[in-house]
Amino acid sequence: MRDLEEVVLTVDELEAIRLADLEGFYQEAAAEQMNVSRQTFGRIITQAHRKVAEFLIGGKALLIEGGNFTMENLRTFACDTCQHTWQIPFGTGRPKHCPKCESAAIHRMDGGRGGGQRHGRNAGRCKRTQRRARLSETAVIQKLPKDE
Ligand SMILES: [Zn+2]
């Protein structure tokens with residue numbers, strides 16, 4: 001028997017929380033980032049919030065589905081020609097062309113790019129980055145201080 005009940009968060013749910021709650025995207029923009037419809041994003045984020053609430057209030061352990069797989073280990077690229085975006089893990093080399101249209105006009109998009117909603121990169125960013133790094137290192141998340 002386990003000591004703690006577990007709440008398992010899928011990587012989709014984790015990404016939804018990151019986009020909506022950490023990066024402050026509106027649902028529509030966040031849905032776009034994840035390549036899902038706004039309705040689908042709404043379902044994912046609702047489910048994610050419910051799980052986080054169970055974790056915070058129910059005293060359960062929170063696990064990220066997929067073990068050591070985290071968004072932190074992915075790089076996002078975008079194609080300037082067809083606007084396709086995709087993610088690849090670190091350590092696989094920089095792609096030379098778009099997987100969809102084969103255009104070489106591609107660029108790296110770092111996670112959390114504001115899409116015009118945010119102005120500049122404020123000082124809070126470092127802290128967020130550290131927290132995300134910590135999430136990716138541990139897979140089992142400890143309760144974090146509430147400061148947002
Ligand atoms: Zn393309």
Item to check | the stretch 11-21, residues that are within 21 Å of Thr85 (Cα to Cα) and out of contact with any Phe, Trp or Tyr (no Cβ under 6 Å at 6 or more places or on another chain) | outcome: Val11, Asp12, Glu13, Leu14, Glu15, Ala16, Ile17, Arg18, Ala20
Checklist outcome for this item: For the stretch 28-74 the number of residues that are in a helix (DSSP H, G or I) and modelled with pLDDT of 80 or more is 28
Checklist entry - On the given criteria, is Glu13 out of contact with any Cys (no Cβ under 8 Å at 6 or more places or on another chain), surrounded by fewer than 19 Cβ atoms within 10 Å (Cβ to Cβ), assigned to a helix (DSSP H, G or I) and not aromatic (Phe, Trp, Tyr)? => result no
Item to check | Close pairs from the stretch 97-122: first modelled with pLDDT of 50 or more, partner β-branched (Val, Ile, Thr), Cβ under 6 Å, at least 6 apart | outcome: Cys98/Ile106; Cys101/Thr81; Ser103/Thr81; Ala105/Thr81; Met109/Thr76
Next on the checklist: Restricting to the stretch 5-24, count the residues that are closer than 22 Å to Ala78 by Cβ and in contact with a Lys or Arg (Cβ under 9 Å, 6 or more places away or on another chain).
Outcome noted: 4
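The values are calculated or read from the model by the stated rules, or taken from the named source; none is laboratory data. Model, not experiment: these values are computed from the prediction. As a convention, Cβ positions derive from the backbone with ideal geometry for all residues, glycine included, and neighbour counts pool all protein chains shown.
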